[in-house]
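One structure below.
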Amino acid sequence: MKTGLVLEGGALRGLFSAGVMDVLMEHGIVFDGVVGVSAGAAFGCNYKSGQPGRAIRYNRRFARDWRYCSVRSLLTTGDLYGAEYAYHYVPDHEDLFDKEAFQQSATAFYVVCTDVMTGQPVYKRLDRVDYDCYEWIRASASMPLASRVVTVEGRRLLDGGVSDSIPLRFFQQEGYGRNVVVLTQPAGYVKRQNNLLPLIRLALRRYPAFIDAMRRRPEMYNGQLRFVADEERRGTAFVIRPPFDIPIGYTSHDPDAMQRVYDMGRDEAQRCLTRLEQFLI
């Protein structure tokens with residue numbers, strides 16, 4: 001039975017997932033496949049390349065660099081997280097992404113994006129690291145209002161979390177029968193309607209199907225939480241989630257705050273490591 005790692009997004013809450021992943025990598029846990037959404041894609045690619053510590057390292061290093069993430073970047077480029085600097089220059093020049101290891105790894109890696117023309121999820125398997133690979137990851141993590149629409153391989157894409165926030169069902173359909181699901185919200189969380197939906201309607205009025213997906217997102221997300229809980233009871237999913245609300249916003253320029261979120265993930269992974277290893281046997 002194939003094993004999978006399913007990574008929810010959540011912007012910088014994803015550093016919790018990075019902490020979890022680093023502990024799993026350090027203990028030699030290998031999955032047949034990894035699927036990441038938004039920050040889960042941006043940080044999860046390091047699992048396939050076998051680079052524990054990289055996600056927290058570059059986020060801390062560039063926390064106060066306007067080219068990486070800033071209102072200045074948003075106003076001058078249209079992207080809160082710099083499209084070229086954060087997603088291309090940093091992995092190729094500043095904190096090197098191990099392209100060879102990624103491409104040689106037997107672990108399949110998928111990202112989830114949302115097609116703004118249809119409002120439907122797009123699942124892309126990434127095997128080769130090139131410009132388009134980085135663009136698929138950027139598209140998955142491109143939040144409405146904070147990012148321009150990303151065009152890659154003829155598709156117009158934004159945040160994968162809008163259409164499939166927790167792609168456990170997708171991975172099961174791909175044949176991954178035993179899955180570890182890393183969430184970035186604590187137990188009992190219920191998603192509400194985005195307060196910025198009226199502004200999103202205005203800014204993305206050219207894409208009514210995407211707006212409709214945004215409107216339906218709370219229903220979709222809360223339904224996925226119920227599905228994850230059902231699979232956890234059935235014994236086909238192992239869920240790792242923060243024990244309480246993660247104390248960070250969508251963005252932060254505080255390396256210490258980032259470290260605390262990352263350490264939460266490490267602590268939670270260590271706490272459940274024995275049970276997780278038994279689950280994967």
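Data for the structure
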| item | result |
| --- | --- |
| Residue in the range 97-105 that is out of contact with any Asp or Glu (no Cβ under 9 Å at 6 or more places or on another chain), under 15 Å from Ser147 (Cβ atoms), open to solvent by 10 Å² or more (accessible area, probe 1.4 Å) and part of a loop (DSSP other than H, G, I, E, B) present | no |
| Every residue from the range 144-166 that is acidic (Asp, Glu) and open to solvent by 20 Å² or more (accessible area, probe 1.4 Å) | Glu153 |
| Output for the range 28-53, where each listed residue is part of a loop (DSSP other than H, G, I, E, B), small (Gly, Ala, Ser) and buried (at least 17 other Cβ atoms within 10 Å of the Cβ) | Ser38 |
| Complete set of residues in the range 217-247 that are more than 16 Å from the chain's Cα centre (by Cα), modelled with pLDDT of 95 or more and in a loop (DSSP other than H, G, I, E, B) | Gly235, Thr236, Pro243, Phe244, Asp245 |
| Qualifying position, being within 26 Å of Met117 (Cα to Cα) and at pLDDT 95 or above, among Arg148, Arg178 | Arg148 |
| Test result for Arg72, out of contact with any helix residue (DSSP H, G or I) (no Cβ under 9 Å at 6 or more places or on another chain), surrounded by fewer than 20 Cβ atoms within 10 Å (Cβ to Cβ) and part of a helix (DSSP H, G or I) | yes |
| Subset of the range 77-96 that is hydroxyl-bearing (Ser, Thr, Tyr) and part of a helix (DSSP H, G or I) - its residue that is nearest to Cys45 (Cα to Cα) | Tyr87 |
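Yes/no per residue for (1) of a type in the set (Gly, Ala, Ser); (2) open to solvent by less than 50 Å² (accessible area, probe 1.4 Å); (3) over 24 Å from Asn195 (Cβ atoms); (4) in contact with a Pro (Cβ under 8 Å, 6 or more places away or on another chain):
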site	(1), (2), (3), (4)
Ala55	yes, yes, yes, no
Ala63	yes, yes, yes, yes
Tyr68	no, yes, yes, no
Asp95	no, yes, yes, no
Val111	no, yes, yes, no
Asp115	no, yes, yes, yes
Glu135	no, yes, yes, no
Ser142	yes, yes, no, no
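The values are calculated or read from the model by the stated rules, or taken from the named source; none is laboratory data. Quick caveat: nothing in here was measured; it's all calculated off a predicted structure. Virtual Cβ from ideal backbone geometry, glycine too; neighbours counted across all protein chains shown. What goes into the accessible areas is simple: the full protein's heavy atoms, side chains included, and nothing from ligands, DNA or RNA. Shrake-Rupley method; radii C 1.70, N 1.55, O 1.52, S 1.80 Å.
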